[in-house]
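**Q** Structure below; questions to follow.
The values are calculated or read from the model by the stated rules, or taken from the named source; none is laboratory data. Source: prediction; values computed, not measured. Neighbour counts run over all protein chains shown; Cβ positions are idealised from the backbone, glycine included.
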Amino acid sequence: MCSWKESHKDICSADFIEKHNIEYMTAFLSDKLKNGYKLYIKCNDNTPVGIIGINPEDEEICLLYVLPEEQGKGFGNELLKFALAKCKNPYITVLDSNKKAIEFYTKRGFVPAENQSKNTVEKKIFERKYVYQNKNM
Ligand SMILES: CC(C)(COP(=O)(O)OP(=O)(O)OC[C@H]1O[C@@H](n2cnc3c(N)ncnc32)[C@H](O)[C@@H]1OP(=O)(O)O)[C@@H](O)C(=O)NCCC(=O)NCCS
């Protein structure tokens with residue numbers, strides 16, 4: 001949750017950020033699990049440091065979050081590699097403004113799947129789908 005808040009604080013409205021408290025995120029993740037999503041937690045010394053999700057129905061890789069203080073140590077890469085190994089034709093969706101994540105994904109073989117980004121639930125915030133093309137990460 002703190003990773004989501006950190007990465008979205010300059011992108012989304014304060015109200016939208018505030019809404020994402022523990023209860024909201026617990027319900028959100030429970031809902032994902034009920035809908036068949038697989039969620040994987042990366043631990044370092046028995047402490048959770050990151051999470052990634054896969055929707056087995058369409059192979060969307062989602063919810064990749066590493067704790068802010070644990071970023072830049074290779075955990076995101078490890079989580080993504082782990083998820084990619086479970087998919088044949090994965091895709092991701094990233095906010096246009098999340099430059100750090102876009103750089104992370106494009107460096108690792110994801111390319112834009114759509115010419116135009118789509119408006120999200122938050123007005124004036126756009127996101128785009130990326131498909132995986134590099135099979136030799
Ligand atoms: C995007 C995100 C998941 C990346 O996770 P991360 O753990 O910081 O990523 P990594 O550490 O694996 O890789 C980041 C960089 O650190 C480098 N790195 C530093 N130390 C490293 C180490 N010990 N081992 C491996 N890589 C290391 C990597 O080479 C990489 O550089 P590169 O991208 O130029 O190749 C993370 O920044 C994050 O949680 N962001 C906020 C949430 C978010 O935006 N998620 C995406 C939503 S769509």
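**Q** Among the listed residues PHE28, PHE16, identify the single one that is among the aromatic types (Phe, Trp, Tyr), more than 12 Å from the ligand (Cβ to nearest atom) and more than 15 Å from the chain's Cα centre (by Cα).
**A** The match here is PHE16.
**Q** Provide a single number: the residues in region 28-57 that are surrounded by fewer than 10 Cβ atoms within 10 Å (Cβ to Cβ) and not in a strand (DSSP E or B).
**A** Total satisfying the criteria: 5.
**Q** Quick one: is PRO56 on the phi < 0 side of the Ramachandran plot and within 13 Å of the ligand (Cβ to nearest atom)?
**A** no
**Q** Under the condition of being more than 12 Å from ASN44 (Cβ to Cβ) and in contact with a strand residue (DSSP E or B) (Cβ under 7 Å, 6 or more places away or on another chain), which residue from region 69-88 is farthest from the ligand (Cβ to nearest atom)?
**A** The qualifying residue farthest from the ligand (Cβ to nearest atom) is LYS86.
**Q** Among the numbered criteria (1) more than 10 Å from the ligand (Cβ to nearest atom); (2) out of contact with any Cys (no Cβ under 6 Å at 6 or more places or on another chain); (3) in contact (Cβ under 8 Å) with a residue 24 or more places away in the chain, which single criterion is violated by THR106?
**A** (1)
**Q** Out of LYS88, LYS73, LYS107, which single residue is within 18 Å of ASN55 (Cβ to Cβ) and among the charged types (D, E, K, R)?
**A** LYS88
**Q** Kindly list, by first and then second residue, each pair from a residue in region 1-21 that is over 23 Å from VAL49 (Cα atoms) and assigned to a helix (DSSP H, G or I) to a residue that is at pLDDT 80 or above and within 16 Å of the ligand (Cβ to nearest atom), limited to pairs with Cβ atoms under 7 Å and residues at least 6 apart or on different chains.
**A** If the second residue must be at pLDDT 80 or above and within 16 Å of the ligand (Cβ to nearest atom), no pairs are left.
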